[in-house]
Amino acid sequence: MYNSKITGLGKYLPENVVTNNDLKQWMETSDEWIQERTGIQERRWIDPETSDDTTSIMGAKAAKIAIERAGLTKDDIDFIVFATLSPDMYFPGGGVRVQELLEMDTIGALDVRNQCSGFIYGLSVADQFIKTGMYKNVLVIGSENHSGGLERSTRGRNVTVIFGDGAGAAVLSRVEDNTKGILSTHLHSEGKYAKELALEGPSTGRWVDAIMEDNDPNDVSYYPYMNGQFVFKHAVVRFSEAIMEGLKANNLKKEDIDMLIPHQANLRISQFIQKKFGLADDNVYNNIMRYGNTTAASIPIALTEAWEEGKVKEGDLVVLAAFGSGFTWGSAIIRW
């Protein structure tokens, strides 16, 4: 039986830096208020006046780096898995745009809509394709353009201050060494809480004409909604469960973790999980301070940076974990 191994990583962030103090031009807030609640100091937002970046373009830029680092060419890629909640268009999805932008052959492209858990879900899909022998090299991308759809006002600040734009990518390749690579992935959902973190419209439940006909200035259904405290309480529980599930499936203990890379939802969540598992600062990687929550892109961006900084090394046990809208959550256990 084959195994899959991450052979290349890449990331891309827009150049435009938006600090907490910059947000004051749109809303009543402060650097202290934001950092105390989220740990975020700044984030990247696409500037449409100076950049042509989109979700797909950012994903393609990150993917190009990952493919090169894997020692491959675009022609070696057999399949694309693209995770995002913010595609360029309502349809089609971003995967086919990447296929076009990178001038790839007519390979399959699958879009994953699992929000903050999107990269973990995408990684699991790619892992199964490789382990069954169907594909040899699969490109997995997480990319988000949040800034264009955020409510830049005091009313929307609880959500708006959190999110940033960016993309990360990984190439998974077939290997025959079952002791290295992705050991297992674990996926879960709990749809009864779907509306606690959601963007309800425009959608097939409420099309644009209905929104325009109502013309309600207080209608916020087309902006993201988050029940912050409710999400936080569930996140810390599910993060822990997903990590422990992965460790137990591989007869491992929390002391075996060399690097935990959690989805960058909130620094306070990451710190809670770190303390619960008794991990040192060197065993957890966070970059939400610089980029905010980039949803499906957060784990591949963080994993790329940890690898670039030499914090992920050959033989390390790397644990990825995410929780988000849906609710969905999951983990991946990797022997580097």
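Matching residues to (1) surrounded by 13 or more Cβ atoms within 10 Å (Cβ to Cβ); (2) hydroxyl-bearing (Ser, Thr, Tyr); (3) touching a helix residue (DSSP H, G or I) at 6+ places or on another chain (Cβ under 6 Å); (4) within 30 Å of Lys131 (Cα to Cα):
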residue	(1), (2), (3), (4)
Asn178	no, no, no, yes
Leu183	yes, no, no, yes
Glu196	yes, no, yes, no
Trp207	no, no, no, no
Met212	no, no, no, no
Glu241	yes, no, no, yes
Gly246	yes, no, no, yes
Ala249	yes, no, no, yes
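Residues that are over 27 Å from Ala265 (Cβ atoms) and touching an Asp or Glu at 6+ places or on another chain (Cβ under 7 Å) number at least 1 in none of the helices (runs of 4 or more DSSP H) confined to segment 8-124. Which of the residues that make up segment 256-288 are open to solvent by 50 Å² or more (accessible area, probe 1.4 Å) and closer than 22 Å to Phe163 by Cβ? Arg268, Gln271, Phe272 - these are the residues of segment 256-288 that are open to solvent by 50 Å² or more (accessible area, probe 1.4 Å) and closer than 22 Å to Phe163 by Cβ.
For segment 135-164, what are the residues that are within 30 Å of Glu314 (Cα to Cα) and open to solvent by less than 20 Å² (accessible area, probe 1.4 Å)? Hits for segment 135-164 are Asn137, Val138, Leu139, Val140, Ile141, Gly142, Ser143, Glu144.
Based on this model, can you work out whether Val112 counts as under 22 Å from Lys195 (Cα atoms) and either open to solvent by 20 Å² or more (accessible area, probe 1.4 Å) or at pLDDT 95 or above (or both)? Full working, then the answer.
Numbers: under 22 Å from Lys195 (Cα atoms): yes; either open to solvent by 20 Å² or more (accessible area, probe 1.4 Å) or at pLDDT 95 or above (or both): yes.
Yes, satisfied.
Look at Ser298 and say whether it is closer than 19 Å to Glu36 by Cα, open to solvent by less than 10 Å² (accessible area, probe 1.4 Å), of a type in the set (Ser, Thr, Tyr) and part of a helix (DSSP H, G or I).
On the way: closer than 19 Å to Glu36 by Cα: no; open to solvent by less than 10 Å² (accessible area, probe 1.4 Å): yes; of a type in the set (Ser, Thr, Tyr): yes; part of a helix (DSSP H, G or I): yes.
No: the conditions fail for Ser298.
Would you point out the residue of segment 272-307, among those that are farther than 19 Å from Phe323 by Cα and touching a residue at least 40 places away in the same chain (Cβ under 8 Å), that is nearest to the chain's Cα centre (by Cα)? First the steps, then the outcome.
Taking segment 272-307 first, the residues farther than 19 Å from Phe323 by Cα are 278-283, 290, 304-307.
Within this subset, residues satisfying the condition of being touching a residue at least 40 places away in the same chain (Cβ under 8 Å) are 290, 304-307.
Numbers: Arg290: 15, Thr304: 12, Glu305: 14, Ala306: 15, Trp307: 17 Å.
Here the residue is Thr304.
Pairs meeting the criteria (first residue in segment 83-112 and free of Cβ contacts under 8 Å to residues at least 60 places away in the same chain and of a type in the set (Lys, Arg), second residue surrounded by 17 or more Cβ atoms within 10 Å (Cβ to Cβ) and outside any loop (DSSP other than H, G, I, E, B), beta carbons under 9 Å, at least 6 apart or on different chains) are Arg97/Thr55; Arg97/Ser56; Arg97/Ile57; Arg97/Gly59; Arg97/Ala60; Arg97/Phe82; Arg97/Ala109.
Does Asp219 count as open to solvent by 80 Å² or more (accessible area, probe 1.4 Å) and modelled with pLDDT under 95? Full working, then the answer.
Details: open to solvent by 80 Å² or more (accessible area, probe 1.4 Å): no; modelled with pLDDT under 95: yes.
For Asp219, the condition - open to solvent by 80 Å² or more (accessible area, probe 1.4 Å) and modelled with pLDDT under 95 - is not met.
Within segment 64-90, the set of residues being closer than 30 Å to Arg152 by Cβ, under 16 Å from the mean Cα position of the chain (by Cα) and hydrophobic (A, V, I, L, M, F, W, C) comprises Phe82, Ala83, Leu85.
Quick check on this structure: which one of Pro92, Pro87 is touching a helix residue (DSSP H, G or I) at 6+ places or on another chain (Cβ under 6 Å), open to solvent by 10 Å² or more (accessible area, probe 1.4 Å) and under 29 Å from Pro202 (Cα atoms)? Matching residue, one of Pro92, Pro87: Pro87. Put simply, of Glu103, Glu42, Glu32, Glu68 the only residue that is within 23 Å of Glu308 (Cβ to Cβ), open to solvent by 60 Å² or more (accessible area, probe 1.4 Å) and of a type outside the set (Lys, Arg) is Glu68.
The values are calculated or read from the model by the stated rules, or taken from the named source; none is laboratory data. What you see is a predicted model, and the numbers here were worked out from it, not measured in a lab. Positions of Cβ are generated from backbone atoms using ideal geometry, with glycine treated the same way; all protein chains shown enter the neighbour counts. The area values use the complete protein model at the heavy-atom level, side chains included, leaving out ligands, DNA and RNA. Shrake-Rupley method; radii C 1.70, N 1.55, O 1.52, S 1.80 Å.
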